[in-house]
Amino acid sequence: MYNKRCVATILVALVLSVVLAEADDPKHEATANKIPKGSKVFIAPMPDGFDTYIKDAIKKKKVPVEIAASRDQADYEMTGTSETQKAGTAKKLIMGNWHSREEASVTVSNIKSGEVVWAYSVHQEASTHGKRSSAEACAKHMKDEIEK
Amino acid sequence: MQSKIRVVVPLLLATLIVSFSCSSLLALAQTSSENKPNQDQSKSDPAPSSDLKPTASDEGQLATVNNAKIPAYAKVYVAPMSGGFENYLIAGLRNKKVPLTVVVDRAKAEYEISGVSESDKAGWAKMLFMGSQQSNELASIKVSDLRTGAIVFGYSVHKGNSVRGKQSAGEACAKHIKQIVVD
């Protein structure tokens, strides 16, 4: 009876140590980095007011996250950059294209751990709706990532 | 009852000590095996100029010092770069599935990626004579070990007609970083 108890306690101790070692494994941590549904995301100011387009796109594409007004209230932070080049005379005359060239890249990081959990970049040579299109592309891919 | 506790407690302590020592020994063995190729390389290469090894890439130039490798899931900080190129690089690392953990705090990182990038939009002459409206992208990055301060990797990319602009340059850099990450 006593021997059985000893064996059981040893087994429990071993299982605990294995579980603790698994928790320290960086591979395990890396796969656990996902944006859960309903998390609060703070959208940091971006050049050319791209953050406002992102906020609109998140609502339009029904991304399952809440937009936080301040960084302190948020679980995640979205930072990024965007660049727009309007079609010049040469592009209009030679290429016959009136649409702008859009480039944007966004990164979502966990505020507590400081780890980047998601990133996406978009490039549109002839964007029909300018910044709106690139923001919606970012939001769409963010939604796909959350719902994966 | 007290005699039982006297027997069980040392037994438990002994098993915990044994399991922890086993795990630390395993970790030591892993780190030594990761560092072995570097040491062997430094022994076999007497000339310091042979440390830089370019790859067979037509777009960029890559250099690794002493065949240095970055362990998988190492924490990497991407420093701000001109034109927000750090965002494109992080997106490239994710897109190319590079097994690294990107952190936003430099103090928490083991490695740092820094660099420069430049974008030249197609002018009227390029559109007229070449029929191309794609941009000219230049980027150069270096990866440094924050503990030792040594630069372990460098890569530069030049795309005369970049179909996806900065995104292409970021992904090219990420693809080549993946080459030096060991699982």
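The table for this structure:
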quantity: Residues of segment A:95-107 satisfying the condition of being facing chain B (nearest Cβ under 10 Å), out of contact with any Asp or Glu (no Cβ under 7 Å at 6 or more places or on another chain) and buried (at least 16 other Cβ atoms within 10 Å of the Cβ); calculated: A:Met95, A:Glu102, A:Ala104, A:Ser105, A:Val106, A:Thr107
quantity: Condition check for B:Val98: among the β-branched types (Val, Ile, Thr) and part of a strand (DSSP E or B); calculated: no
quantity: Filter result for B:Leu128 (closer than 21 Å to A:Glu77 by Cβ and in the same structural domain as B:Glu171 (by TED's automatic domain parsing)); calculated: no
quantity: Sole residue being more than 17 Å from the chain's Cα centre (by Cα), surrounded by 12 or more Cβ atoms within 10 Å (Cβ to Cβ), modelled with pLDDT under 90 and hydrophobic (A, V, I, L, M, F, W, C), chosen from A:Ala23, A:Ala30, A:Ala8, A:Ala87; calculated: A:Ala87
quantity: Unmet criterion (only one of (1) assigned to a helix (DSSP H, G or I); (2) exposed (fewer than 14 other Cβ atoms within 10 Å of the Cβ)) for A:Ile54; calculated: (2)
quantity: Selected residue (only one of B:His158, B:His176 is at negative phi, assigned to a helix (DSSP H, G or I) and out of contact with any helix residue (DSSP H, G or I) (no Cβ under 8 Å at 6 or more places or on another chain)); calculated: B:His176
quantity: Any chance B:Ala107 is over 17 Å from B:Leu89 (Cβ atoms) and surrounded by fewer than 20 Cβ atoms within 10 Å (Cβ to Cβ); calculated: yes
quantity: Residue count, segment B:101-127 (criterion: at the interface with another protein chain (Cβ under 10 Å from one of its Cβ atoms), among the aliphatic types (A, V, I, L, M) and either more than 14 Å from the chain's Cα centre (by Cα) or assigned to a helix (DSSP H, G or I) (or both)); calculated: 5
quantity: Index of the failed condition, B:Arg147 passing every other in (1) without any contact (Cβ under 8 Å) to a residue 60 or more places away in the chain; (2) outside any loop (DSSP other than H, G, I, E, B); calculated: (2)
quantity: Single residue of segment A:111-148 satisfying the filter (part of a strand (DSSP E or B) and under 9 Å from the mean Cα position of the chain (by Cα)) that is farthest from the other protein chains (Cβ to nearest Cβ); calculated: A:Val117
quantity: Unmet criterion (only one of (1) small (Gly, Ala, Ser); (2) within 11 Å of chain A (Cβ to nearest Cβ); (3) part of a strand (DSSP E or B); (4) out of contact with any Ser or Thr (no Cβ under 7 Å at 6 or more places or on another chain)) for B:Ser132; calculated: (3)
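One line per residue, one yes/no per condition, for (1) closer than 19 Å to B:Arg164 by Cα; (2) in contact with a helix residue (DSSP H, G or I) (Cβ under 7 Å, 6 or more places away or on another chain):
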residue: B:Leu93; (1), (2): yes, yes
residue: B:Lys97; (1), (2): yes, no
residue: B:Val104; (1), (2): no, no
residue: B:Met127; (1), (2): yes, yes
residue: B:Gly131; (1), (2): yes, no
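The values are calculated or read from the model by the stated rules, or taken from the named source; none is laboratory data. This structure is a prediction, so every number in the text was calculated from the model and none was measured. Counting neighbours? That spans all protein chains shown, and the Cβs are built from the backbone with ideal geometry, glycine included.
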